[in-house]
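Here's the structure we're looking at; comments come further down.
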Amino acid sequence: MNRDLINHIKYTRPLIIAGPCSVESKEQFFSTVEEIQKIPQVNVIRAGIWKPRTKPGCFEGLGVEALHWVKEIKTKCCLPIIIEVANEEQLAAALEHEVDGFWIGTRTSVNPFALDSIFSAIAQHNRQIPVFIKNPLAPDLNLWIGAVLRAKKFGLENLAMIHRGFASYPVHSSLRSEPYWRLALEMRKEYPEIPMLLDPSHIAGKREYVLSLILLAKYYQFDGIIVESHINPEFALTDKEQQLNPVELGRALAKYFQGENRDQDISLLKSHRSSIDILDKRLLQVLAERFWHVDNIAIIKHRLGKTICQENRYAQISKNWQNSDEVSELKEEFLQSLLELIHSESLGRQKDKIARYLFNKRAK
Ligand code: PEP
Ligand code: MN
């Protein structure tokens, strides 16, 4: 157990974790760590040993073979090393090889059975072992809260959270995962005593966006970052598009540790604009889907002998809008005009639909 790491998590701000997405060979791992540990701001090394891949047939990590190198490198590297574990067997092997801490990946943090068995085994070994819990992919805070509660249930005392972005629908135009900053900040409010790090790599998905996200981690006052770095990213076996080489990592961290700067504002502007782009896309998608339903009920209304415009129904929708949680941030007149616009478009579409239906019926 490495006491330093424990102190880092609890007291060091910011905590900087860096390392390869996956350990691919002894040579790749050792040379990456050797370069990263020259960067003074890095406090902890990350290393992927078992890789949860979306589709089978891809590189899935070297498992126990790579754990031997983790143990061996500790004679040369003075930084603590954390890895991802997804089940109890992996955890047991990692503990045997003196791994200093663990993170729970996004695919595992949603799985109550895996969490219970991992957390219970950690608690039996040592409740002080640092455990970092990534958010689950679905943008539902209860899932993330559930994972934290399970860790607490087993009395784990040294917890941190990692915001790695969420799945989005439609998919984000530029980033790999949707940051949903507001959700992450809400989670921080829920557990102010648990540090939260940002994982810019898995949000970005591409090297060119990683620096911006690192600067946003500072702007949003995350307690640190966990970032992927590989000695030769172009040849990486996993996440090659998003890993920085150690030189790029050193430069990015230097910017992060600089005071307020223009780059941070440029990143912020880019980030808000890219969120606006995806929200616009979603807005249009929602409208198209809403009109699909509107079109479908036109003929049903006709068959039931109902008029197109149903005053009661309109009044009900208007009330639903006024009572919904989201409206507190929208102006009343704006909402009213928007509803009228949508409603009149709906009536027009239904009229057309019924006219076409009657025409076709007559023609038959
Ligand atoms: C990783 O950190 O390499 C990883 C697989 O992360 P995530 O669980 O966030 O996808
Ligand atoms: Mn990765």
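In Å, what is the Rg of the alpha-carbon atoms in region 150-282, and how long is Dmax?
Gyration radius and largest Cα-Cα distance of region 150-282: 15.4, 45 Å.
Checking the table Lys26/Lys55; Lys38/Lys74; Lys153/Lys240; Lys74/Lys134 against a 27 Å threshold on Cα-Cα, which pairs fail?
Working: Lys26/Lys55 25 Å; Lys38/Lys74 15 Å; Lys153/Lys240 37 Å; Lys74/Lys134 25 Å.
Flagged as over cut-off: Lys153/Lys240.
Roughly how compact is region 74-191, stated as its Cα Rg over 2.2 N^0.38 Å to two decimals? If you can, show how the numbers build up before the last one.
Working: Rg = 15.0 Å, N = 118, 2.2 N^0.38 = 13.5 Å.
Compactness ratio reported: 1.11.
Among all helices in the chain defined by DSSP H, which have a length of 24 Å or more along the axis from Cα atoms plus a Kyte-Doolittle mean of at least -1.0? Don't skip to the answer; put the middle values down first.
Details: long enough: 262-303 (62 Å, -0.35); 332-363 (46 Å, -0.61).
Passing helices, by number: 262-303, 332-363.
Please rank Asp199, Asp325, Asp116, fewest neighbouring Cβ atoms within 10 Å first, as an exposure proxy.
Values: Asp199 26, Asp325 6, Asp116 14.
Ordered from fewest to most neighbouring Cβ atoms within 10 Å, Asp199, Asp325, Asp116 come out as Asp325, Asp116, Asp199.
At q = 0.14, 0.18, 0.19 Å⁻¹, what log₁₀ I(q)/I(0) does region 196-250 have when each alpha carbon counts as one equal point scatterer in the Debye sum?
-0.32, -0.52, -0.58
For region 166-207, list residues with backbone N below 12 Å from a point placed 7 Å from the Cα of Asp280 toward its Cβ?
none
By count of other Cβ within 10 Å, fewest leading, how are Met196, Met187, Met161 ordered?
Values: Met196 23, Met187 18, Met161 27.
Ranked by crowding around the Cβ, least crowded first: Met187, Met196, Met161.
Return a single number: how many Lys pairs in region 305-364, at a sequence separation of 8 or more or on separate chains, have alpha-carbon atoms below 26 angstrom apart.
Number of lysine pairs found: 11.
Assuming a ≥ b ≥ c are the square roots of the Cα gyration tensor eigenvalues, decide whether region 266-340 counts as rounded (a/c under 1.5), prolate (otherwise, with a/b larger than b/c) or oblate. Kindly include the intermediate steps, with their values, before the conclusion.
Details: a/c = 4.13, a/b = 1.85, b/c = 2.22.
Judged from the Cα gyration tensor, region 266-340 comes out oblate (a/c at least 1.5, b/c at or above a/b).
So who's got an amide H within less than 5 Å of the one on Phe132, skipping anything under 5 residues away but keeping other chains? H placed 1.01 Å off N, in plane.
The answer is Phe102, Trp103, Ile104, Ala160.
Say a paramagnetic label sat at a point 7 Å from the Cα of Gln128, along Cα to Cβ; which residues of region 59-90 have their backbone N under 20 Å from it?
78-83
Tell me, what is the Rg over Rh of the chain, with Rh the Kirkwood radius over Cα pairs? Write down the numbers at each step before the final one.
On the way: Rg = 25.4 Å, Rh = 23.0 Å.
Answer for the chain: 1.10.
Calculate the length of the line joining the C-alpha centroid of region 27-56 to that of region 209-228, in whole Å.
18
Can you put Leu198, Leu347 in order of Cβ neighbours within 10 angstrom, beginning with the fewest? Don't skip to the answer; put the middle values down first.
Numbers: Leu198 27, Leu347 15.
With the fewest neighbours first, Leu198, Leu347 line up as Leu347, Leu198.
Using only helices, what value at 222 nm comes out for the chain when you add -39,500 (n - 2.57) per DSSP H run of length 4 or more and divide by the total residues, to the nearest 500 deg cm²/dmol? Could the numbers behind the result be given before it?
Values: 13 runs with 193 residues, N = 364.
Taking each H run of at least 4 residues, the total per residue is -17500 deg cm²/dmol.
Run the simple label-point estimate for Ile342 and Phe59 please: 7 Å along Cα→C-beta, distance reported in nm.
Rounded to a tenth, the inter-label distance reads 4.7 nm.
Taking a 27 Å limit on the Cα-Cα distance, which of the listed pairs Lys189/Lys270; Lys152/Lys206; Lys152/Lys281 fall beyond it?
On the way: Lys189/Lys270 25 Å; Lys152/Lys206 34 Å; Lys152/Lys281 39 Å.
Check vs 27 Å cut-off fails for Lys152/Lys206; Lys152/Lys281.
Ratio to report: Rg/Rh of region 1-115, with Cα atoms as the point set and Rh obtained by the Kirkwood method; give two decimals.
Details: Rg = 14.0 Å, Rh = 14.6 Å.
Reported Rg/Rh, Kirkwood definition of Rh: 0.95.
Since every read-out is calculated from the coordinates, none of them should be taken as a lab result. Quantities reported herein were computed from a predicted structural model and do not represent experimental measurements. Neighbour counts are summed over all protein chains in view; Cβ atoms, including those assigned to glycine, are modelled from backbone coordinates with ideal geometry.
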